[in-house]
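The values are calculated or read from the model by the stated rules, or taken from the named source; none is laboratory data. The shown structure was predicted, so the numbers you read here are calculated from the model rather than taken from an experiment. Glycine also receives a Cβ, built like all others from the backbone with ideal geometry; neighbour counts cover every protein chain displayed. In case anyone asks, the SASA skips ligands and DNA or RNA and just uses the protein heavy atoms, side chains included. Shrake-Rupley method; radii C 1.70, N 1.55, O 1.52, S 1.80 Å.
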Amino acid sequence: MQLRHLSLAIGFAIAAGLASAQLPRLAKAEVEHDPEVDFAAFKSFQWKDTQVPADNPNVHTSVTWYVERHLERRGLKKSAEKPDVLLRYYTEAKRSIKGIPSQSSSDGPGGPERRSTNVDFRKELQGTLVLEIQRAADQKVVWKAATPWGVIDKSQLDAEVDKAVHLLLAEYPPKPASR
């Protein structure tokens with residue numbers, strides 16, 4: 001009986017290890033900025049005229065809406081006339097199929113233990129979202145962030161874009177360089 005409990009405990013430990021390895025990892029944004037720029041001087045923004053929208057109009061709408069809301073919370077205002085900074089984003093997307101394995105075991109009445117492995121397949125959209133902030137006066141990129149993001153199904157698209165934009169702008173404006 002103790003051997004059976006030990007084997008069950010080991011089985012649960014292995015299953016827990018496999019399950020934790022399959023949990024999605026929180027994405028991180030990679031941020032670059034010009035340390036010589038005084039970001040506190042920027043009060044207004046506008047999207048760059050040459051902005052190419054994402055292939056999916058829902059992604060484009062979500063990205064622009066969330067970026068504008070995040071920047072407004074940080075004190076910047078959208079302005080059509082003489083903005084301080086210009087915004088530009090781009091996306092790269094890759095569609096794939098992801099398989100998630102699971103194992104189960106059962107005891108037959110009076111018979112040996114039976115084990116089976118199943119794989120659940122899901123369509124997945126994985127991409128990278130990049131946001132650039134350019135000084136309007138010379139169109140020099142002064143701040144840039146990129147983050148990977150993934151969407152399992154279309155119903156989660158808006159929420160995933162919101163998370164990605166939040167990660168991108170979490171460190172905006174950057175803290176002034178100590179001198």
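Residues that are within 30 Å of residue 172 (Cβ to Cβ), modelled with pLDDT under 85, outside any strand (DSSP E or B) and not charged (D, E, K, R) do not occur anywhere in the range 115-134.
Starting from residues that are open to solvent by less than 80 Å² (accessible area, probe 1.4 Å), over 20 Å from residue 53 (Cβ atoms) and among the charged types (D, E, K, R), keep the ones in the range 108-145 and report whichever is farthest from the chain's Cα centre (by Cα). Among those residues, the one meeting the criterion is 135. The condition of being open to solvent by 70 Å² or more (accessible area, probe 1.4 Å) and under 30 Å from residue 35 (Cβ atoms) holds for residue 72.
Remark: pairs (first residue in the range 43-67, under 13 Å from residue 133 (Cβ atoms) and touching a residue at least 60 places away in the same chain (Cβ under 8 Å); second residue open to solvent by 20 Å² or more (accessible area, probe 1.4 Å) and part of a strand (DSSP E or B); Cβ separation under 9 Å; 6+ apart in sequence or on different chains) = 45/77; 45/78; 45/86; 46/78; 46/86; 48/86; 48/88; 67/47. With respect to the stated conditions, residue 77 is closer than 27 Å to residue 159 by Cβ, at pLDDT 95 or above and surrounded by 10 or more Cβ atoms within 10 Å (Cβ to Cβ). Looking only at the range 59-69, decide whether some residue is open to solvent by 50 Å² or more (accessible area, probe 1.4 Å) and in a loop (DSSP other than H, G, I, E, B). No; the residues of the range 59-69 include none that is open to solvent by 50 Å² or more (accessible area, probe 1.4 Å) and in a loop (DSSP other than H, G, I, E, B).
Would it be correct to say that residue 44 is among the polar types (S, T, N, Q) and modelled with pLDDT of 90 or more? Spelling it out, residue 44 is indeed among the polar types (S, T, N, Q) and modelled with pLDDT of 90 or more. Against the numbered list (1) closer than 21 Å to residue 65 by Cβ; (2) in contact with a strand residue (DSSP E or B) (Cβ under 8 Å, 6 or more places away or on another chain); (3) open to solvent by 30 Å² or more (accessible area, probe 1.4 Å), residue 164 comes up short only at (3). Scan the range 28-58 for residues that are crowded, with 17+ Cβ neighbours inside 10 Å, β-branched (Val, Ile, Thr) and assigned to a loop (DSSP other than H, G, I, E, B) and the total you get is 1. Against the conditions (1) closer than 30 Å to residue 121 by Cα; (2) of a type outside the set (Ser, Thr, Tyr); (3) modelled with pLDDT of 95 or more, residue 9 satisfies every one except (3).
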